[in-house]
Amino acid sequence: MAKASDLKRGSLVGIDGQPYVLESLKVSTPSARGAASIYHFRFRNLVTKTKKDISCKGEEPFTGIDFERRPIQYLYRDGDLYTFMDAEDFSQFALPKDAIEEQMLYLVEDMEGIFALKSDGRILTIEMPQKVDLTVIACDPVMKGATATSRNKPATCETGLVVQVPEYLEAGEVITVDTATGNFLSRSSSAKR
């Protein structure tokens, strides 16, 4: 059993016999001396996709889930189904769009470094790498005299994700994006695709 104070974004727990993933957390510390910190969690049910908010003290126990973490590769999208391949046994499986709403804007065909979280023979969710490289397909033109410390502008990536990028970037460039926040991190070390 994990304590509330040990949980991190993306942690899997069992609540009322159902698997949940921790989407966000906030800690508030009361000003009274000796008062315990309060943890505010937002969980998403991996089966029904409903959200559940829980507030508790740091010592509260949460039931863990037995799951297997398997490396997978994203292959392609067919309508509302996203097809993946297990990197160990090469079996393929498809997940519906609503099962991976938060991850789909980071998926590029043939992408590796993704993990499937399985429990009782069923895929609960996929786990994205910390950062991904995406190609910018549309953004405002480069401003004359723009520097690295200039203002930001919106850029649309190949997956449809819109990211605020520095003014000096242009369409066709590859950027690195944080999958937890959706923020621009840097120009990718990869050349233009």
Check on Asp120, among the charged types (D, E, K, R), in contact with a helix residue (DSSP H, G or I) (Cβ under 6 Å, 6 or more places away or on another chain) and either surrounded by 19 or more Cβ atoms within 10 Å (Cβ to Cβ) or not assigned by TED's automatic domain parsing to the domain that holds Val177 (or both):
no
Unique residue being within 27 Å of Val162 (Cβ to Cβ), assigned by TED's automatic domain parsing to the domain that holds Tyr168, modelled with pLDDT under 90 and among the β-branched types (Val, Ile, Thr) when the list is Val142, Val136
Val142
Glu102: touching a Lys or Arg at 6+ places or on another chain (Cβ under 8 Å) and of a type outside the set (Ser, Thr, Tyr), yes or no?
no
Extreme residue, modelled with the highest pLDDT, among residues of the stretch 21-41 that are within 20 Å of Thr181 (Cα to Cα) and either part of a loop (DSSP other than H, G, I, E, B) or under 15 Å from the mean Cα position of the chain (by Cα) (or both):
Leu25
Among the residues of the stretch 70-90, is there at least one that is among the basic types (Lys, Arg), in contact (Cβ under 8 Å) with a residue 12 or more places away in the chain and loosely packed, with under 12 Cβ neighbours inside 10 Å?
no
Name the residue, out of Val174, Val132, that is surrounded by 17 or more Cβ atoms within 10 Å (Cβ to Cβ), in contact with a helix residue (DSSP H, G or I) (Cβ under 7 Å, 6 or more places away or on another chain) and β-branched (Val, Ile, Thr).
Val132
For the stretch 38-62, what are the residues that are surrounded by fewer than 13 Cβ atoms within 10 Å (Cβ to Cβ) and touching a residue at least 24 places away in the same chain (Cβ under 8 Å)?
Val47, Thr48, Lys49, Lys51, Glu59, Pro61
For residues in the stretch 9-40 being touching a Phe, Trp or Tyr at 6+ places or on another chain (Cβ under 9 Å) and of a type in the set (Ser, Thr, Tyr), which is farthest from Thr63 (Cα to Cα)?
Ser28
Could you tell me whether the stretch 61-68 includes any residue that is in contact with a strand residue (DSSP E or B) (Cβ under 9 Å, 6 or more places away or on another chain) and more than 24 Å from Ile126 (Cβ to Cβ)?
yes
For Lys8: the one exception among (1) assigned to a strand (DSSP E or B); (2) free of Cβ contacts under 8 Å to residues at least 60 places away in the same chain
(1)
Checked pairs for the stretch 118-130, first over 24 Å from Asp178 (Cβ atoms), second among the acidic types (Asp, Glu), C-beta under 9 Å and 6 or more apart or across chains, list as Lys118/Glu68; Ser119/Asp66; Ser119/Glu68; Asp120/Asp66
What tally of residues in the stretch 148-169 results from selecting those that are farther than 22 Å from Pro129 by Cβ and either out of contact with any Pro (no Cβ under 7 Å at 6 or more places or on another chain) or surrounded by 15 or more Cβ atoms within 10 Å (Cβ to Cβ) (or both)?
7
When you scan the stretch 24-32, do you find a residue that is buried (at least 16 other Cβ atoms within 10 Å of the Cβ), outside the structural domain of Ala99 (by TED's automatic domain parsing) and in contact (Cβ under 8 Å) with a residue 12 or more places away in the chain, even just one?
yes
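The values are calculated or read from the model by the stated rules, or taken from the named source; none is laboratory data. Here the structure is a predicted model, which is why all the values come from computation and not from measurement. In this analysis, Cβ positions are derived from the backbone assuming ideal geometry, glycine residues included, and neighbour counts consider all displayed protein chains.
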